[in-house]
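The values are calculated or read from the model by the stated rules, or taken from the named source; none is laboratory data. Everything numeric here is computed off the predicted structure, so don't read it as measured data. Glycine also receives a Cβ, built like all others from the backbone with ideal geometry; neighbour counts cover every protein chain displayed. Ligands, DNA and RNA are stripped out before the accessible areas are found, and what is left, the full protein with its side chains, is counted by its heavy atoms. Shrake-Rupley method; radii C 1.70, N 1.55, O 1.52, S 1.80 Å.
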Amino acid sequence: MTEFIIRRLLQSVLVLFLITILTFSLIHLAPGGPFQIMLSPGLSPEAMETQARNLGLYDPVPVQYFRWLGDLLQGDLGYTFKNHIPVGQIIWPTVSNTIVLMGAAWFLTLLISIPWGIYNSTRVYSLSDQSASFISYLGFAMPTFWFGIILQQVFSLKLDWLPLSDMYTMGKEGDLGDLLMHLILPVTVLTLGFLAAYVKYSRASMLEVLHQDYIRTARAKGVREGRVIYKHALRNALIPIITVVALDLPLLVAGAALTENVFNWPGMGRLFVEMAVAREYSVLMAITMIVAVIVIVGNFVADVLYAVVDPRVQLNKRGGKAA
C-alpha cells in the first residue's frame, strides 16, 4: 500500500508541475501580453522601460517562469496588475467561501444519491426508481443559472422564506444559522445537477454487481439480503462510483462559479469571472492553480480509495495486472 501511495503521489506532483507551466503561459498568451497589462498608464517611454525592467518583463520567459514558481512554492501568489494588491489577500477568503458551498453541496449529494441508487437497484421500476429517473431528466435538462433564478423568484421574492443572495445578512456575519439559510438555495441548485447523475451511476453499478455469480451463490447459501447488498455487492460497486465522483470535481467547481454569480456568493468562481473581465491574469493564474490542486488531490484520494476498496488495484505494478 505504501509503495502504491508513493507512486500515485509522484504522478500527482508531475501533473501539478505541468499545470504550472500551462498556467504561467496564460499571462503570456493573454490579449495585449503582460507588458501592456502590468505597466502603469500615462508613463513616458523611458519610465515605461524602467518599470518593465524592474518587473522583469524583459527577462527570458523560462527565467520569469522559475522566478514565479519559486515565489509560488513560498506561498507568494503575486500581486494584482492594476492596484498592486497581494493576490493572496484577495483570493484566500473566497477559497474558503467556495469550499463551504462546494463541500455542503457535495456532501448532501453523496448522502442522498448513493443510498437512493442502492435502494433503487433492489427495487427496479418501483415508484422510487421512477421518481429518481424523473429527477435525473430534470437535473440534466435544466440550466444551473436558470434554476437558481427560478428558486430566487419563488422562495425569496414571492414567498420571502429564504435570503435572495449573498453569504450573510448584513450585520450577521459569522452567524451559523444565517449562513445555513443562505446556503439552502445555492446548495439545492448544485445538488440537483449532480444528484441526477450519481443516483443513476449508483443504481447501474449496483445492478451490474447484483447479477454476478458470487452474489447468487451468497444468496443460495442463505446469507441475509442486507449483508449481500452492503457487504458483498456494495464494495465492488463503489469503484465506478468513486471514479465518477473524482472526475466530477472540475464540473462541481464550474457549477459553483455559475451559482456564485447568480446568488452573489463571495466565492472563487465569482471572483474568477470578475478578474477575467478586469484582465487581472495574476489572480486568474492563482485560481487556476488552486482548482488544479483540488482536482489532483481529489483524484489522488480516489486512487487510494480504489486500493482500499479493492486491493487488486495495487497489482497494477506487480505482475502487470490490474483489477
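So if I restrict to the alpha-carbon atoms in region 112-161, what is the Rg, and what is Dmax, the biggest pairwise distance, in Å?
14.7, 41
Got a number for the accessible area of I19? Probe 1.4 Å, square angstrom, nearest 10.
Looks like 40 Å² after rounding.
Which order do the peptides 126-132, 265-271 come out in when sorted by mean C-beta neighbours inside 10 angstrom, highest first? All intermediate terms of the calculation are to be shown ahead of the outcome.
Numbers: 126-132: 14.0, 265-271: 23.9.
Highest to lowest by the protection proxy: 265-271, 126-132.
Within region 77-108, whose backbone N sits under 12 Å from a point 7 Å along Cα→Cβ of E274?
It comes to 90-95, nothing else.
Calculate the translational D of region 158-270 in whole µm² s⁻¹ from Stokes-Einstein, where the hydrodynamic radius comes from the Kirkwood formula applied to all Cα pairs, the temperature is 25 °C and the viscosity 0.890 mPa s.
On the way: Rh = 17.1 Å.
Estimated via Stokes-Einstein, D reaches 143 µm²/s.
Rounded to whole Å and sorted largest first, what semi-axes of the equivalent ellipsoid does the C-alpha gyration tensor of region 42-199 yield via the square root of 5 times each eigenvalue?
Details: eigenvalues 426, 97, 46 Å².
Each semi-axis is the square root of five times an eigenvalue, giving 46, 22, 15 Å.
Between R219 and S128, how many nm apart are label points set 7 Å from Cα along the C-beta direction?
1.7
In units of 2.2 N^0.38 Å, what is the alpha-carbon radius of gyration of region 174-217?
Numbers: Rg = 18.2 Å, N = 44, 2.2 N^0.38 = 9.3 Å.
Relative to the rule-of-thumb radius for its length, region 174-217 sits at 1.96.
So what's the gap between the Cα centers of region 132-161 and region 266-294, to the nearest angstrom?
Computed from Cα coordinates, the inter-centre distance equals 27 Å.
Along each principal axis of its Cα atoms, how long is region 58-135 end to end? Whole angstroms, biggest number first, please.
Reported extents, whole Å, longest axis first: 68, 26, 21.
So which aspartates and glutamates pass the test for K221, namely a Cα distance under 20 Å, with those fewer than 8 places away in the same chain ruled out?
Reachable aspartates and glutamates: D213.
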